[in-house]
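Report on the following structure.
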Amino acid sequence: MRDVQLRYFYTIANEGSIRKAAEKLNVAASALSRRIIQLEEDLGIPLFERHARGLNLTDGGRLYYSHARQTLLNEEWVVGEIEAIKDLRRGQIRLHCVEGVIGSILTDAVAEFRAGSPEVKIFINRAGSTGVVKAVAADEVELGLALDPPLHRDVMTLEEVPAPLYAVHSPSFDFPHASPELAELADFPLAIPPDSSYGLRDLIDRAARLRADIQLHAPLHCDSIFGLTGFALSGQGVSILPKCSFINELRDGRLLAKPLQDPPLRDANLTLMARRHRILPPVTRRFCDILAKHLRQAPS
């Protein structure tokens, strides 16, 4: 960053601790402390309230934080524009997404993007839908991809495509229903995510609440799509998944999929999102366009 002092302040404010910020920035804590003291002297006001558990922003500190955040975002945009002049040969893209899209939609989008921009670094982290939204809203990432994510005033939708859920099981597992409702899964062992921070589990819970008499039997609670898919592949029972999570297993006949009829499950969507009012750098916009195309083309 051109303005090192601004970056130092911003990191300390986010971490709430000079020690943690020093570790993140790989700078000596004493040097970091001197920089902040000098900044406070230059501005003529304290930016932090210091206490035993760390640092809190003062009123003036919160105002300066808004300035720092916007300045750093503007610089990121300018650097992105410069990279565009260089034919998008360098840069970085940060994305949080639900795990189910990694092995299919996202992998294909990354392959197409890297064919034209092989030197761009792409950082992908998996999270539940709630975690994806929080990361986008907090400017931790440029893009997020989630299953029926919760609404957030600071997050906007860039692309949204249908992603209905299916009852998924092995051909060896006896499951007679061709197009079941969630209530018809109650007598079968299920694999589901552990809590509603995962968009998949939130949809299941919403559908169950519409039918208060449903008592699901879920011997496996797992936060990994691979675990949920594996449960079905092994013939232990039924998993509830969007098609993008098991498309390869479906194509080669190792899994069967029965569409679910409950409205929350039938009407689910995959949503590509970014922070509202954020100007995405050109290299990110190019990747976003490619990812949106693959979302539209994905079987649902």
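Results, tabulated for the structure shown:
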{"read-out": "FRET efficiency, Q297 to F226 (Cβ-Cβ, R0 30 Å, nearest 0.05)", "value": "0.80"}
{"read-out": "Debye, to nearest 20: dipole size of the chain, +1 on Lys, Arg Cβ, -1 on Asp, Glu Cβ", "value": "700 debye"}
{"read-out": "Stokes-Einstein D in µm²/s, Kirkwood radius over Cα pairs - region 44-188 at 4 °C with 1.567 mPa s viscosity", "value": "67 µm²/s"}
{"read-out": "Cα point-scatterer Debye curve for the chain, base-10 log of I(q)/I(0) at q = 0.16 Å⁻¹", "value": "-1.18"}
{"read-out": "Coil-residue chymotrypsin sites (Phe, Trp or Tyr not before Pro) of region 180-263, DSSP, other Cβ within 10 Å capped at 11", "value": "none"}
{"read-out": "Burial ranking of peptide ranges 287-297, 67-77 (average Cβ count within 10 Å, highest at the top)", "value": "287-297, 67-77"}
{"read-out": "Cα-Cα P(r), region 4-70, percent of pairs per 5 Å interval", "value": "4, 19, 32, 29, 14, 2"}
{"read-out": "Net charge of Cβ neighbours under 11 Å - reference L291; Lys, Arg +1; Asp, Glu -1", "value": "0"}
{"read-out": "Dipole-positive endmost among I82, I225, G128 within the chain (Cβ charges, Cα centre)", "value": "I82"}
{"read-out": "Antiparallel bridges, percent of DSSP beta bridges restricted to the chain (to nearest 5)", "value": "60 percent"}
{"read-out": "Net +/- balance of residues flanking D154 in space, Cβ distance below 13 Å, scoring K and R +1, D and E -1", "value": "+4"}
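Rule-based calculations on the coordinates, nothing more; no lab input. Since this is a predicted model, take the numbers as computed values, not measurements. Glycine gets a Cβ as well: all are built from the backbone with ideal geometry, and neighbour counts include every protein chain shown.
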